[in-house]
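The values are calculated or read from the model by the stated rules, or taken from the named source; none is laboratory data. A quick note: this is a predicted structure, and the numbers were derived from the prediction, not measured. Every residue, glycine among them, receives a Cβ derived from its backbone with ideal geometry; neighbour counts consider all protein chains shown. Remember, those area values only see protein heavy atoms, side chains included, never the ligands or the DNA or RNA. Shrake-Rupley method; radii C 1.70, N 1.55, O 1.52, S 1.80 Å.
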Amino acid sequence: MKNQLVLFTTDFPFGTGETFLETEIIYLSKEFQEVRIITQNTTSKICRDLPKNCFVERINIEVSKLDKIKSLFGLFSTLFWNEIKVIKTIYGKSITKEMISTMLISLYRGKKIKTIVLGLRNSNIQNTKHFFYSYWCDDVALGLALAQDEKNTLNCFSRIHGWDVYFEASSIDYLPFRHYISEKLKAIYSISEKG
């Protein structure tokens with residue numbers, strides 16, 4: 001059986017960001033027979049060198065004005081209302097308009113990623129074991145958690161850094177669905193002991 005890693009990034013291998021992945025990709029390419037990198041960078045022409053068993057796809061999960069309107073359907077989601085409860089009871093915070101807006105957009109983007117993940121799982125080559133890895137604990141990680149919640153047999157995990165760990169790093173002192181993500185993903189790996 002072939003092992004395939006599906007790695008979600010913001011820019012890598014394009015642009016100059018996510019520099020730690022330049023080293024990590026070498027190790028990942030040795031552990032998996034195929035590494036499929038799915039990046040949100042749709043414009044950069046600068047591409048770093050990759051091992052031969054790495055393949056790149058670009059996706060766009062930006063949210064248009066119409067998408068923002070569509071995201072309001074998230075108000076009918078059980079997950080949305082569970083998050084409201086988590087914010088009040090576990091985090092001890094008051095709900096703000098900014099939090100609600102952030103939650104709805106995150107949920108909308110997360111559902112886009114979930115569709116991609118389930119599509120890859122269902123349409124991919126037989127006799128392949130898939131591992132889905134979000135380099136950041138953000139809306140992509142939420143999408144992986146949603147997919148994991150629907151198909152428990154998936155292997156979804158995330159890395160977590162700093163801005164995606166600490167609420168105080170956010171301008172609204174809140175990061176959406178962290179409780180849900182941590183409950184649903186198979187694992188979350190911190191890059192630091194403090195994290």
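Among the residues of the range 29-87, which ones are without any contact (Cβ under 8 Å) to a residue 24 or more places away in the chain and hydrophobic (A, V, I, L, M, F, W, C)?
Once the filter is applied, which keeps residues that are without any contact (Cβ under 8 Å) to a residue 24 or more places away in the chain and hydrophobic (A, V, I, L, M, F, W, C), the range 29-87 yields Phe55, Leu66, Ile69, Phe73, Phe76, Trp81, Ile84.
Residues checked against (1) within 19 Å of Leu146 (Cα to Cα); (2) in contact with a Gly (Cβ under 9 Å, 6 or more places away or on another chain); (3) not small (Gly, Ala, Ser):
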| site | (1), (2), (3) |
| --- | --- |
| Glu31 | no, no, yes |
| Arg36 | no, no, yes |
| Cys54 | no, no, yes |
| Arg58 | no, no, yes |
| Leu72 | yes, no, yes |
| Ser77 | yes, no, no |
| Phe80 | yes, yes, yes |
| Glu83 | yes, no, yes |
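Can you name the number of the only condition in (1) open to solvent by 20 Å² or more (accessible area, probe 1.4 Å); (2) under 24 Å from Ser171 (Cβ atoms); (3) assigned to a helix (DSSP H, G or I) that Asn122 fails?
(2)
Among the numbered criteria (1) surrounded by fewer than 17 Cβ atoms within 10 Å (Cβ to Cβ); (2) closer than 27 Å to Gln33 by Cα; (3) of a type outside the set (Ser, Thr, Tyr); (4) touching a Leu at 6+ places or on another chain (Cβ under 9 Å), which one does Leu144 miss?
All conditions pass for Leu144, except number (1).
Give the residue, chosen from Ile84, Ile95, that is in a loop (DSSP other than H, G, I, E, B), more than 14 Å from the chain's Cα centre (by Cα) and loosely packed, with under 15 Cβ neighbours inside 10 Å. Please lay out each step first, then the result.
Values: Ile84 fails: in a loop (DSSP other than H, G, I, E, B).
Only one candidate passes the filter, namely Ile95.
Matching residues to (1) charged (D, E, K, R); (2) on the phi > 0 side of the Ramachandran plot; (3) open to solvent by less than 60 Å² (accessible area, probe 1.4 Å):
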site	(1), (2), (3)
Leu154	no, no, yes
Ser158	no, no, yes
Trp163	no, no, no
Phe167	no, no, yes
Pro176	no, no, yes
Tyr180	no, no, yes
Glu183	yes, no, no
Tyr189	no, no, no
Ser192	no, no, yes
